[in-house]
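For reference, the structure discussed in these notes is given below.
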Amino acid sequence: QVQLVESGGGLVQAGGSLRLSCAASGSIFGINGMGWHRQVPGKQREVVAGITSDGRTNAADSVKDRFTISRDNAKNTVYLQMNSLKPEDTAVYYCAAAIRKTGSNSYSTYWGQGTQVTVSS
């Protein structure tokens with residue numbers, strides 16, 4: 001069994017900051033890419049940022065100057081530091097990771113349950 005558990009969401013005023021965390025646990029042999037997505041009701045889920053196992057990052061144009069993704073491989077955890085938040089950043093944020101389970105020879109994508117981020121104007 002593999003789980004991704006997110007934390008750190010909440011309500012913040014525009015211009016404020018939040019830090020999301022997502023910890024993977026269970027029978028994990030290895031983790032490849034990790035990332036964050038977000039979804040607003042009625043819209044498709046969109047990619048926010050991603051990070052490879054060796055630390056290379058990418059981010060959506062809408063957030064790249066404000067959000068920073070990082071990871072701690074020893075803790076199987078990925079973070080999203082969100083600064084200068086805007087009302088349009090309001091969404092449910094999901095983490096995802098490509099994980100190889102113990103005893104498996106392939107990677108599968110696992111998702112967290114989502115954490116709400118609300119930015120008030």
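All C-alpha pair distances within the chain, sorted into 5 Å bins from zero, spread as 2, 12, 23, 24, 18, 11, 6, 3, 1, 0 percent across the bins. Measuring between alpha carbons in the structure, the pairs from Lys43/Lys75; Lys64/Lys101; Lys43/Lys86 lying more than 23 angstrom apart are Lys43/Lys75; Lys64/Lys101. For the chain, the fraction of 1.4 Å probe accessible surface lying on carbon and sulfur atoms is 45 percent.
Between Ala60 and Arg19, the contour length at 0.36 nm per residue exceeds the Cα-Cα span by 13.0 nm. Solvent exposure of the chain, expressed per residue, is 54 Å² of accessible area, with all protein chains present and a 1.4 angstrom probe.
The values are calculated or read from the model by the stated rules, or taken from the named source; none is laboratory data. Here the structure is a predicted model, which is why all the values come from computation and not from measurement. Surface accessibility is based on the protein's heavy atoms, side chains included, excluding ligands, DNA and RNA. Shrake-Rupley method; radii C 1.70, N 1.55, O 1.52, S 1.80 Å.
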